[in-house]
C-alpha cells in the first residue's frame, strides 16, 4: 500500500483518504440496502471525482466547494458503512474533518495550510485505517488507485 503524508497535495486529497477511492465501481458484491458495498462505493466514487476536479489552477473557492461536497458525502454514509470497514472509515473521517478545519483556518488556500495541526494523524493507527479502506475498495468495490 502506498503511504500518504500530509503534504499540501496529500491534504487536498484527504477527502479521498476517507474513502480511498479513485475509479469506477462495477461490483455489486454486497448488494442490498443500507451499509452495502454498492451504496458505499457509489459515494466513494463521487467523492473521488470531486477531488479529481482540483488542479494547480483551482481557487480557494474551488477547494472549499470540494471539501464541502466531500463532507456531505461522508455525512451521507456515516453510520451506514459496511461493517468490515466501519471503524477505519470513522478514523479516516476524523482525519478529514481535521484537514477541513486546517483548510478553513487558511481560507482554503493550500499554500497557507498549517500542516503541523495534522501531525497527530501521522500514526500507525491512522495509516492502518487508510490501508483497511484501501484494501476494501480494491477487493470489494473493484476500485484501483
Review point. Residues 125, 57, 120, 97: which one is in a helix (DSSP H, G or I), under 23 Å from residue 46 (Cα atoms) and either out of contact with any strand residue (DSSP E or B) (no Cβ under 6 Å at 6 or more places or on another chain) or at pLDDT 90 or above (or both)?
Key: 97
Practice item. Filter segment 18-43 for residues that are assigned to a helix (DSSP H, G or I) and either more than 12 Å from the chain's Cα centre (by Cα) or modelled with pLDDT of 80 or more (or both) and give the result. Key: 37, 38, 39, 40, 41, 42, 43
Revision key, fill the gap. Subset of segment 128-145, residues at pLDDT below 80 and under 17 Å from residue 90 (Cβ atoms), comes to 137
Check your understanding: Which residues, taken from segment 45-57, are over 21 Å from residue 141 (Cα atoms) and either in contact with a helix residue (DSSP H, G or I) (Cβ under 8 Å, 6 or more places away or on another chain) or surrounded by 21 or more Cβ atoms within 10 Å (Cβ to Cβ) (or both)?
Key -> 53, 54
Practice item. Write out, first by first residue and then by second, each pair whose Cβ atoms fall under 7 Å of each other, whose residues are 6+ apart or on separate chains, and whose first residue, in segment 40-62, is in contact (Cβ under 8 Å) with a residue 12 or more places away in the chain while the second is part of a loop (DSSP other than H, G, I, E, B) and surrounded by fewer than 15 Cβ atoms within 10 Å (Cβ to Cβ). Key: 45/24; 60/107; 60/109
Exercise for review: Among the candidates 62, 107, single out the residue that is assigned to a loop (DSSP other than H, G, I, E, B), more than 24 Å from residue 134 (Cβ to Cβ) and over 15 Å from the mean Cα position of the chain (by Cα).
Suggested key: 107
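The values are calculated or read from the model by the stated rules, or taken from the named source; none is laboratory data. The structure presented is a predicted model; accordingly, all values stated were derived computationally and were not measured. Neighbour counts run over all protein chains shown; Cβ positions are idealised from the backbone, glycine included.
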